[in-house]
Amino acid sequence: MEKNEMTPEKSLQIISEAIARSRKDFEKSAGTPLIIWGTTVLFFSLIIWLLLKESGDARWNYLWFCIPAVGSPISHIVLKGREKNEPENFISSTLAHIWITYGIFATTLAATFVLITPQQTSSIGILTAALMGFAAVMTGMVLKNRIIIVGGFITGIGCTVALFFMDGWDSSLLFAAAAVINLIVPGAIMNKKAK
């Protein structure tokens, strides 16, 4: 009788196939969360920009903290039934860690600017958008999605350069653009592919 031994090559092939399957499964359901978060970020970026521009009062920057406070419950409500049907896999776990890390860094950065250097709050949008670009590039690399990778590089590098040339409240518009480029557009493309 011939033994069916697992060679290192066969083992790697099975692992690669499992990761490819989990990537494909994740992409089928990833569009809606991206659109939810992108729309939330876009909404608050535009509201903050408008309020800052009209009033000149830097206290409106506290609204940045509403993004996770509003986005999390909306995401939970909209995606409630899906989570039970879709078990966590390597790809979804990895991407969750990337975006949770982004959220921690963005929130800490915003809190630092608002609490320690309130006169510099106009840079919050640019810096958090640059971080969003980095998180998007990592997401695109994990998903092997060129659109997300390119959008992330455009945002990350573009916002970093803009930090040196852009002043005032208009920096909130960069964050709005980052939401469209890195979240809404890829989410819509993923949803279209899933159908």
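The values are calculated or read from the model by the stated rules, or taken from the named source; none is laboratory data. Model, not experiment: these values are computed from the prediction. Methodologically, a virtual Cβ is constructed for each residue, glycine included, from the backbone with ideal geometry; neighbour enumeration extends over all protein chains shown. Each accessible area value is taken on the protein alone, full model and side chains, heavy atoms only, with ligands, DNA and RNA left out. Shrake-Rupley method; radii C 1.70, N 1.55, O 1.52, S 1.80 Å.
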When you scan the stretch 146-167, do you find a residue that is more than 19 Å from Pro68 (Cα to Cα) and in contact (Cβ under 8 Å) with a residue 60 or more places away in the chain, even just one?
no
Going through the stretch 88-106 in order, the residues found to be more than 17 Å from Gly31 (Cα to Cα) and either over 16 Å from the mean Cα position of the chain (by Cα) or at pLDDT below 85 (or both) are Phe90
Can you give me the ranges of the helices (runs of 4 or more DSSP H) entirely in the stretch 143-195 with at least 2 residues that are open to solvent by 50 Å² or more (accessible area, probe 1.4 Å)?
146-165, 185-194
Criterion (modelled with pLDDT under 70, surrounded by 15 or more Cβ atoms within 10 Å (Cβ to Cβ) and within 21 Å of Gly103 (Cα to Cα)) met by exactly one of Phe43, Phe26:
Phe26
